[in-house]
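The values are calculated or read from the model by the stated rules, or taken from the named source; none is laboratory data. Keep in mind it's a predicted model, so treat the numbers as computed, not measured. So basically every Cβ, Gly included, is an ideal-geometry build from the backbone, and we count neighbours across all protein chains shown.
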Amino acid sequence: MAKRLPPAQLATLLRDAITRLNRRVRQTRPVGDLTATQLSALISLELAGALTPRELADIERVQPPTMTRIVAKLEERGLVGRTPHPTDGRQVILAVTEAGRDMLDQIERARDEWLASRLAELTAEERETLSSAAEILRRIARA
């Protein structure tokens, strides 16, 4: 039976464990792929749908010139496309291309495979505990 911790200590323990696991999962991607910054921008764009470069820069919390360089690299690889803004001729709309979605799918599969292989090393009881914890963490995240 696990030791019962006060909420503040448990919060610290969970935050540290989640941060470390998240960092390790993020590092798991096919060799030679995108930088972490490019991947983050691509994921943000996929989640948000079509955005202007400024909107994407705001989401990613970077300056517009930095986002211009990031988007240029993604466009070079055919992962992001531009279309004219429907109401503002000075603007463009960015969207993830089919190749970009394929890249995100490939990265997600690599991450899932890595995590599944780590989970396979655990006992059935440990996996059951993690399954319960995952549901609890989902509930906390929704609050």
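What helices (runs of 4 or more DSSP H), lying completely within segment 34-143, carry at least 3 residues that are in contact with a His (Cβ under 9 Å, 6 or more places away or on another chain)?
Correct list: empty, since no element meets the threshold.
Scan segment 66-81 residue by residue and report those that are surrounded by fewer than 14 Cβ atoms within 10 Å (Cβ to Cβ) and more than 16 Å from THR37 (Cβ to Cβ).
Within segment 66-81, just GLY78 meets the criteria.
Report, by residue number, each residue of segment 98-125 that is β-branched (Val, Ile, Thr) and either at pLDDT below 95 or within 19 Å of ALA36 (Cβ to Cβ) (or both). Steps first, please.
Looking only at segment 98-125, we keep the residues that are β-branched (Val, Ile, Thr), and these are 107, 123.
ILE107, the sole residue that qualifies.
Check GLU128 against each of (1) more than 18 Å from ASN22 (Cα to Cα); (2) at pLDDT below 95 and name the one condition it does not meet.
Status for GLU128: all satisfied but (2).
What about ASP33, is it over 26 Å from ARG118 (Cα atoms) and not aromatic (Phe, Trp, Tyr)?
No; evaluated as a whole, the condition is false for this residue.
Would you mind finding the one in LEU47, LEU42, LEU34, LEU56 that is farther than 24 Å from ARG138 by Cβ and without any contact (Cβ under 8 Å) to a residue 40 or more places away in the chain? Let's see the steps before the verdict.
Numbers: LEU47 fails: farther than 24 Å from ARG138 by Cβ; LEU42 fails: without any contact (Cβ under 8 Å) to a residue 40 or more places away in the chain; LEU34 fails: without any contact (Cβ under 8 Å) to a residue 40 or more places away in the chain.
Step by step, each of LEU47, LEU42, LEU34, LEU56 is checked, and only LEU56 is farther than 24 Å from ARG138 by Cβ and without any contact (Cβ under 8 Å) to a residue 40 or more places away in the chain.
From ALA120, ALA116, ALA134, which residue is aliphatic (A, V, I, L, M), surrounded by fewer than 11 Cβ atoms within 10 Å (Cβ to Cβ) and over 20 Å from the mean Cα position of the chain (by Cα)?
ALA120
Can you spot a residue in segment 40-57 that is within 25 Å of ASP112 (Cβ to Cβ), surrounded by 15 or more Cβ atoms within 10 Å (Cβ to Cβ), small (Gly, Ala, Ser) and at pLDDT below 95?
Within segment 40-57, one or more residues are within 25 Å of ASP112 (Cβ to Cβ), surrounded by 15 or more Cβ atoms within 10 Å (Cβ to Cβ), small (Gly, Ala, Ser) and at pLDDT below 95.
Please identify the pairs in which a residue from segment 1-25 that is without any contact (Cβ under 8 Å) to a residue 60 or more places away in the chain and surrounded by 10 or more Cβ atoms within 10 Å (Cβ to Cβ) has its Cβ atom under 7 Å from the Cβ atom of a residue that is in a helix (DSSP H, G or I) and not small (Gly, Ala, Ser), counting only partners at least 6 apart or on another chain.
LEU5/LEU13
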